[in-house]
Amino acid sequence: MRVIAGYLGGRRLKAPRGRDTRPTSDRVREALFSMLGELEGGRVLDLFAGTGALGIEALSRGAAGVVFVERDARAVEVLHANLAALGIDERAGEVRRTDAATALRSARAAQETYDLVFIDPPYSRAHDLGPELAASLPPVLGPAARIVVESDRRAPLELALEVERQRRYGDTLITIHRHP
């Protein structure tokens, strides 16, 4: 697994052993970031961050900062290692070890807003998370923010937000929502 493009393009990323963390494939990330286009100066929230591949790719392509949210201790350890190996400091890449719901409540309380949100939950939990995330997300979304959801095409995570684009890559479904 590697960073696809931008100033960190070609650099390798580590992934934790085992099946608990499922990094987004290079092919899917490349297609996703082609769809997203310009990210210059945007604030990004990477929920269920895992290795941090999506947020790191956003930083490499010009995002101003990323908040990585991950609750699994092994994944957080690898995420910190990836950020350190790439020279990304805490101002650009902040890691919060917590679950997505708690992170969204904290962001709302702190009046944080984001231009881009990545949601890549464990595929087995995706279907159940939709209503909770759809209710928690709007207060932390900036004007015209985009929300990228990665899920299994057979059990997609559905949000009650406008769908801008949707693409399927094998069993992976990528849906880009737009906040009004």
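The values are calculated or read from the model by the stated rules, or taken from the named source; none is laboratory data. Because the structure is a prediction, the values reported are computed rather than measured. All Cβ positions, glycine included, derive from the backbone under ideal geometry; neighbour counts span all protein chains shown.
Here are the numbers for the structure shown:
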{"read-out": "Residue match in the range 128-138 (condition: in contact with a strand residue (DSSP E or B) (Cβ under 6 Å, 6 or more places away or on another chain) and either under 21 Å from Thr24 (Cβ atoms) or surrounded by 15 or more Cβ atoms within 10 Å (Cβ to Cβ) (or both))", "value": "no"}
{"read-out": "Residue in the range 21-35 that is of a type in the set (Asp, Glu) and crowded, with 20+ Cβ neighbours inside 10 Å present", "value": "no"}
{"read-out": "Residue satisfying all of: in the range 148-180; out of contact with any helix residue (DSSP H, G or I) (no Cβ under 9 Å at 6 or more places or on another chain) and among the hydrophobic types (A, V, I, L, M, F, W, C); surrounded by the fewest Cβ atoms within 10 Å (Cβ to Cβ) among these", "value": "Val163"}
{"read-out": "Checking Ala75 against (1) modelled with pLDDT of 95 or more; (2) in a helix (DSSP H, G or I), the condition it does not meet", "value": "(1)"}
{"read-out": "Candidate set from the range 22-75 (those that are among the acidic types (Asp, Glu) and over 11 Å from the mean Cα position of the chain (by Cα)); member that is farthest from Thr175 (Cα to Cα)", "value": "Asp72"}
{"read-out": "Residue satisfying all of: in the range 115-128; modelled with pLDDT of 95 or more and within 22 Å of Leu173 (Cβ to Cβ); farthest from the chain's Cα centre (by Cα) among these", "value": "Leu116"}
{"read-out": "Members of the range 67-81 that are of a type in the set (D, E, K, R) and more than 17 Å from Pro122 (Cα to Cα)", "value": "Glu77"}
{"read-out": "Restricting the range 81-120 to residues that are of a type in the set (S, T, N, Q) and either touching a Gly at 6+ places or on another chain (Cβ under 6 Å) or in a strand (DSSP E or B) (or both), the residue that is surrounded by the fewest Cβ atoms within 10 Å (Cβ to Cβ)", "value": "Thr113"}
{"read-out": "Unique residue being part of a loop (DSSP other than H, G, I, E, B) and either at pLDDT below 95 or in contact with a His (Cβ under 7 Å, 6 or more places away or on another chain) (or both) when the list is Pro180, Pro131", "value": "Pro180"}
{"read-out": "Output for the range 11-30, where each listed residue is at pLDDT below 90 and in a loop (DSSP other than H, G, I, E, B)", "value": "Ala15, Pro16, Arg17, Gly18, Arg19, Asp20, Thr21, Arg22, Pro23, Thr24, Ser25"}
{"read-out": "Unmet requirement for Asp46, which otherwise passes all of (1) in a helix (DSSP H, G or I); (2) under 19 Å from Ala134 (Cβ atoms); (3) in contact with a Gly (Cβ under 8 Å, 6 or more places away or on another chain)", "value": "(1)"}
